[in-house]
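See structure below.
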Amino acid sequence: MWAEASPWPWPPAWARTNRTRYTPGVPKLTVTVIARNEAANILAALDSVSWADELVVVDAQSTDDTAALARQRTNRVIVREWPGYSVQKNFAAEQASHDWILSLDADERVSPALAGEIRALLSGQPGARGYAIPRVSFYLGKWIRTTDWYPDHQLRLYDRRAGTWAGDVHEGVRVAGAVGRLRAELQHVPYRDISHHLQTIDRYTTLAARQLRDRGRTVGMAGLAARPLGAFLRNYLARGGWRDGSVGLVVSILNSYYVFLKFAKLWESGRKQ
């Protein structure tokens, strides 16, 4: 979710004034956004990609003004029920007028540097069928470039003729062909505060535990104790959470709590069976 106090102004001046489109004969770009109850975020997300050739928003029957606000930026707003993350993102890509897709979440922003890199890439014929983008998160007043949160490469720019979304918890694009990497960052503000973070952890760990159970996974007491400890040591020590001070400690603890809760729920489901 997007914090009420934005760490930077949106839309930036370049997004308000630069409306240049790609020249004929080179790939054009559709940006797709799936959303539900994202009235606080949707305009900033869309303004960060106002330079794209097309914007497509798929709204999952929001009860707030998400769809109405999105229509202020694009006439390609589709309202439909929620079928799951990957299904919704594949549906959004199918609605696009162009084959090259940039999939953006409502709590993400394309930085000016990333916009320039994508536009330069698509000024000719890309050498890969998809591109992973490093994502940086803003949390508790700080950009986090440590722990499991960074660089958190996300494959979001892809040719839909070679790529499709799969997975229901941490969904991702599967591309048939070469995958490249971009250098500029995708900016992400995932949580309003710690309470919102904990609510999200509870929701996602329920889905993750169910997915593990459906795959036949089980966990014993040793794993239930060792896995969260390993996650904390990896986040705080190996991946440098200590460099971010108290915020890095909080992120490391909550990342390990995510692991604990996921496997605790898996353990619980095994007891119920």
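The values are calculated or read from the model by the stated rules, or taken from the named source; none is laboratory data. As the structure is a computational prediction, the values presented were derived from the model and not from experiment. Virtual Cβ from ideal backbone geometry, glycine too; neighbours counted across all protein chains shown. Heavy atoms of the whole protein, side chains included, go into the accessibility calculation; ligands, DNA and RNA do not. Shrake-Rupley method; radii C 1.70, N 1.55, O 1.52, S 1.80 Å.
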### Task
Please quote Rg/Rh for the range 165-246 to two decimal places, taking the Kirkwood radius as Rh and restricting both calculations to Cα atoms.
1.01
### Message
Give the residue list of trypsin sites (Lys or Arg not before Pro) in the range 58-116 that are DSSP loop and have at most 15 other beta-carbon atoms within 10 angstrom.
### Response
Arg71, Arg80
### Task
Could you tell me what percent of the DSSP beta bridges with both partners in the chain are antiparallel, to the nearest 5?
45
### Computed over the range 108-199, Kirkwood Rh from alpha-carbon pairs, angstrom
14.4
### Task
Quantify, in whole percent, the carbon and sulfur part of the accessible surface of the chain (1.4 Å probe; protein heavy atoms only).
51
### Message
Run the reach check for Lys28 against lysines, Cα to Cα strictly under 27 Å, same-chain hits fewer than 8 apart removed. What comes back?
### Response
Lys89
### Message
Using C-alpha positions alone, give me the convex hull volume of the chain per residue in cubic angstrom.
### Response
140
### Average accessible surface area per residue within the chain, 1.4 Å rolling probe, Å²
48
